[in-house]
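**Q** Pasting in a structure now, in structure tokens, and then I'll have a few things to ask.
Just so you know, all these numbers are worked out from the coordinates, no wet-lab data involved. Bear in mind the structure is a predicted one, so any value in this text is a computation, not a measurement. Here the Cβ positions follow ideal geometry from the backbone for every residue, glycine too, while neighbour counts run over all protein chains shown.
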Amino acid sequence: MNMTRRMKGAYILIPLLCTLCAGCDSKDESLMSTREIGFSTTVASSEAEPGTRAEATTDNLTEMGVFAYFTGTGNFSNGSSTPNHLYNQSVKKTGGVWTYSPVRYWPANANEKVSFFAYAPHTAAVSGNANDKIRIAKPTAFNAPGRPVISYSAPKGELDLLLSTGVTDCTNTHGPVQFTMKHAMTKVVFKVKTGGSDSKTITGISTECASSADFSINDANTAVAAENIGTSKSTCTATVSIAVDGTAKTVKEFFLIPSHPNDTKVTLTYADGSGSTTVTATLPNVTPNDWLSGKAIGYTLTIQNNQITAITVNSDITWDELKVPIPSDTDYDYIIATAEDLAQFRNDVNNSRIRPIKALQVADIDIQDLATSKNFSNDATDWTPIGYNVEFQGVYNGNGHTIKNLKIKTGKAGEGTGLFGQVIQSLLVGINLRDADITVGSPIPCTGTLAGTVDQETQVNYCSATGKIRKVPCNADGSQPYITGGLIGDAKDASIILCHANVDIGEGGIYNHTSSAAMNACTIGGLVGYMSTNKSRIASCWSSGNIKLGPIPANAGYIVTVGGFLGGDAHSGDIYGSYSLGSIALSFSGMASSGDTRTVNAGGFIGTVNAVLCTSCYSYTPLSLTYPDIDSQGDIGTVNFGGFTPLDYSTFRYCYGDGSVLPRTSYFNYKISCYEFSDSPNSTSYSCNTLGGKTVQEILRPSSKIKSSKTFRCAKYDSSINAYYTMPPMLYIINWDSDNFWKQTPTDPTYPEINYYVDMTSL
């Protein structure tokens, strides 16, 4: 079944109550006053990079031009409808209120319709600008037909042109009209750094660009169309004064016509104490064009020896709520565009109506939209997972869109909880959870923001999460500890590649569903809680959330394992090219009456390793311990810390754990153990342990190529269309390769950085 497609693009929402124009006859019987038009404003927040000044945002947008088409009882027609009621009307925001003059009214006849279009800034706001010019190309007058077409010419690169989707066929019961304002230009961000330790002051920057274009947007289309693009080049020039060194800094953001001319020249002028120098280079040519309406793209220029020695491209820059193009949806069972679509999809999965099932998400989703839903209001505060008491099996392609404000406060009792509960034989790709908030309040063995458990050759690619898991369940079913992971709880048989989690875990303390448990055991990991079988593989992933666990009480037989990246494992598995940041903070409370039986193993990267093979991984995760009663304790139990891992029976190659961020054992009268790198006789490690005078980059990326012994199945990300894949899903069987999965020139050369734009077809 295909659900109704409701697509959402990069936008600024400007509710404007339907208005009639200054150009109409107020005595017209069809337009007799019935209700005065007022104005209100609710504008979606911008996600623009800090420092942008010319960019149109919800805060600084103060004037727009509005067109209104009165069509009687008929619908809007691009070929015949005219802006006979509002023609290029200036509408201004003052004190948060949108106003215009003269005030107009709704049609008296309930069957008569008005359609609306808008753009910004209004032409009057830029008419005196000698460089950036916009004009109304169509319609040429209030009695000329057609939707608006805006002409933009002679760019200086300072004007952020916005066009709205059409809001058509409003009647006098319509209520507020929400304009969807879209960026027509390409935001081109230039960053500069030096190739050495010297510093320079950038005083000027210019780039070539297309000279002119016409812009329109169809009322039935979410994409801005650029037409009649000028074939001649213009040059956008800016005067700046920005000091740069070995760290890349933004020197200018231009707003350019979405056409990247071949052999586009960029020029820098800088001063360094020996005078002023001007250098020029050519931006990388692309096919197809990478300058698109509403897209942001970045270039980092490296200057050394009075020349631009390198230009790197970053197309992974968000501009407001920029959305990726939609893959072909003909083979998908569900199209997910709203929170209600997602909830209905969940219900159908959990009722086992279709299996396997394939879903494509086409817009950003806020789960809190369900608060006013007739059928799913409870899910706004306590989401029931997809795959609750039944395994999800199939494909969920988020295609880079976000799912915001997922909340779970009780957790439905089952095998796992998160956006998904239990997942088998599936592909999860391009799913980005933002501001998840989970508080487990029922006996659930496995918790993760994305999924509680993934099993049976499930592929998890290009997924991410931010948010909180407030409580950590700490009981055990049989010998299996309860598991919590920032992204995935238990990876039983899964391939997890190019994923990350910035999820804080444990601020709400420890949850026990029974106080009489013989063993209170839990395993916590910043990305994955546990690898419970020998088939799971993780590559090119990272975690950065903070883990806080405690206070852990005495006399309860607690067994706690925590890792900044992976909690622990029961069998062999493989981890390549991954790292952890964030922090781990543990606290104890109380003294045991007959000796302390608490056992804690905490590692910057992995809590406890039994058989996992780690290659080219590192951790900068600091660890801390609060144990107020340790001086008066006789037997304090077992507490082990490790910069990478405290206990292992595995093989490590080209790995690093920062021993400088471990607790000092002297603070605890040497009653705890700390290892920068575990020296277990049952493990094998080489080119690991300490820096030994080398940089982390040299340890993790030695001169010889590192290639995995095991293969991964990964969905292709196609940067040329900025989409993850098209149906049927193309899963490439690949080996992790250090030359491809680490960036060749990381932002910080001290340590490697993951390359998210691996060309799977070339491997």
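**Q** With the cut-off at 1.5 for a/c, could you classify region 612-655 from its C-alpha gyration tensor as rounded, prolate or oblate? Write down the numbers at each step before the final one.
**A** Values: a/c = 6.45, a/b = 2.25, b/c = 2.86.
Oblate, because a/c is 1.5 or more while a/b does not exceed b/c.
**Q** Once fully extended, how much extra length lies between residue 480 and residue 599, figured as 0.36 nm per residue of separation less the alpha-carbon to alpha-carbon distance?
**A** Numbers: separation 119, 0.36 × 119 = 42.84 nm, distance 1.56 nm.
So the chain would gain 41.3 nm between residue 480 and residue 599.
**Q** Under 16 Å from the 7 Å Cα→Cβ point of residue 371, by amide nitrogen: which residues of region 430-444?
**A** Zone members listed by number: 435-437.
**Q** Right, something else. For residue 665 and residue 313 in the same chain, what is the full-extension length gain: residue separation times 0.36 nm, less their Cα-Cα distance, in nm? Before the final figure, lay out each step's value.
**A** On the way: separation 352, 0.36 × 352 = 126.72 nm, distance 4.60 nm.
Working it through step by step, the gained length comes to 122.1 nm.
**Q** Distance between the C-alpha centers of region 415-463 and region 244-319? Whole Å please.
**A** 40 Å
**Q** What is the fewest-to-most order of 736, 542 by other Cβ atoms lying within 10 Å of their Cβ?
**A** Working: 736 29, 542 24.
Least crowded to most crowded, the residues run 542, 736.
**Q** Taking 0.36 nm per residue of separation and subtracting the Cα-Cα distance, what length does fully extending residue 277 through residue 686 add? Working shown, then result.
**A** Working: separation 409, 0.36 × 409 = 147.24 nm, distance 4.76 nm.
Computed gain between residue 277 and residue 686 is 142.5 nm.
**Q** Sticking with the crude label model, points 7 Å out along Cα→Cβ, report the distance from residue 305 to residue 698 in nm, one decimal please.
**A** Once both label points are built, they end up 2.3 nm from each other.
**Q** Follow-up. Would you tally the net charge around residue 615, using a Cβ to Cβ cut-off of less than 13 Å, leaving residue 615 out, and scoring K and R as +1, D and E as -1? Kindly include the intermediate steps, with their values, before the conclusion.
**A** Working: positive: 537, 653, 701, 705, 707, 710; negative: 574, 737.
That sum, taken over residues with Cβ under 13 Å, equals +4.
**Q** Under 9 Å from the Cβ of residue 406, count the other residues' Cβ atoms, weight Lys and Arg +1, Asp and Glu -1, and hand me the total.
**A** Working: positive: 404, 407, 434; negative: 435, 437.
Charge balance in the 9 Å sphere: +1.
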